[in-house]
1. Check the range 213-226 and report whether any residue there is closer than 30 Å to residue 356 by Cα and away from the ligand (no atom under 16 Å from the Cβ).
2. With the condition kept exactly as written, say whether any residue in the range 130-137 is within 28 Å of residue 70 (Cβ to Cβ), touching a residue at least 40 places away in the same chain (Cβ under 8 Å), surrounded by fewer than 24 Cβ atoms within 10 Å (Cβ to Cβ) and in contact with a helix residue (DSSP H, G or I) (Cβ under 9 Å, 6 or more places away or on another chain).
3. Please go through (1) at pLDDT 95 or above; (2) in contact with a helix residue (DSSP H, G or I) (Cβ under 8 Å, 6 or more places away or on another chain); (3) part of a helix (DSSP H, G or I) for residue 437 and return the number of the only condition it doesn't satisfy.
4. Report the residue count in the range 347-378 for those that are buried (at least 18 other Cβ atoms within 10 Å of the Cβ) and part of a loop (DSSP other than H, G, I, E, B).
5. In the range 264-292, how many residues are in contact (Cβ under 8 Å) with a residue 24 or more places away in the chain and farther than 27 Å from residue 317 by Cβ?
6. Working carefully through the options 321, 392, 381, find the one that is touching a residue at least 60 places away in the same chain (Cβ under 8 Å) and assigned to a strand (DSSP E or B).
7. Out of the range 185-212, which residues are within 14 Å of the ligand (Cβ to nearest atom) and either on the phi > 0 side of the Ramachandran plot or not in a helix (DSSP H, G or I) (or both)?
8. Every residue in the range 395-421 that is part of a strand (DSSP E or B), within 14 Å of residue 337 (Cβ to Cβ) and under 26 Å from the mean Cα position of the chain (by Cα), please.
Ligand code: S3P
């Protein structure tokens, strides 16, 4: 099916349903595993890799930098979940050609940290959405370390030309709470002689720090500060990627808002910097249980069980925002299905994601009949109004497409989501899972 024509029709699902399944691998962890294994000395066997368009971009970039990837252990080598990566032992090769990051801000920001630390010139670019996202947030610290980063306009949008160098370490006070910026600097610091310190304004996801420890890169965390003494060559070590809680989020909301529904999700990553959605749904009155089943690779994983019931509105704001940032589109849908008011604040970062997610969520919820007020940094939803099916354009944003597919389960009539090829950037197989769920109800 051609990219522009793929679409998804969702009919309402009124029956309480029961399901137990696993979601695909965590996107954030998969990017980082590809990079660290690609830089490491030795061979890393990766199980549970997320074979989404985004992570495949990062993998291809690491191959262009000299890593060798064996996909033969996977049923589908084009979308490998099991792979072996032989790293370059710190000897990063000039990728030679433009590094294509597709739709992925994580790929671009993290890879820029690696490219900036080696003495060659490289170019990185993405699709239309990525090329409109701000890269100044990484250009500033990388330039302070001695690289040159040239982009378009005031916000340094991609395509970027990175003039790498032997960097000097910095202590950097991050103005935005961004795990991508933190990871960019830490990766550059790992390849640089001396002490690099990143100070976060708020806690952000800590997968880079955990994987550093797994790959033998000494990193210390003191409150909001992360310190690393470089240079260090990571040591290859096999890793299993847990399921992505941000993908689980769609089904969690679908179950939580349907009285009588019962859902069990197994093998989901339960890193405390990612499971804010569990607390939000609990505040909304959902019955959610989280059970840790393991986590020897540094990332806890386990089972999430949800029983659906009536939801009530809540407030999502402040330090909680980085922990739920990618779940806000589907949590806004939960807000529209809940009784009372849901207010989302301090989430202005949503405006510079794969799309302006405040604008896209507000306009689409309104198109389905919800009462929503837009703020610069969030929205206020008066929940409990009946939703009606509508034609929903994804705007090429995977989380908008999937969040509104979930809204469609609760709407009157058919909801048609258009331009759904973007779903493959984070959740290949989402549509099939939705069809299975609908077939059961
Ligand atoms: C990510 C961090 C978050 C998140 C993104 C993935 C990561 O972005 O929104 O989807 O893997 O580090 P920021 O930390 O830049 O806000």
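1. yes
2. no
3. The one condition residue 437 does not meet is (1).
4. 6
5. Selection size over the range 264-292: 3.
6. Going through 321, 392, 381 in turn, just one is touching a residue at least 60 places away in the same chain (Cβ under 8 Å) and assigned to a strand (DSSP E or B): 381.
7. 198, 200, 201, 202, 203, 204, 205, 206
8. 415
The values are calculated or read from the model by the stated rules, or taken from the named source; none is laboratory data. What you are looking at is a predicted structure, and each value in this text was computed from that prediction instead of being measured. Here Cβ is always computed from backbone atoms with ideal geometry, including for glycine, and neighbour counts include all displayed protein chains.
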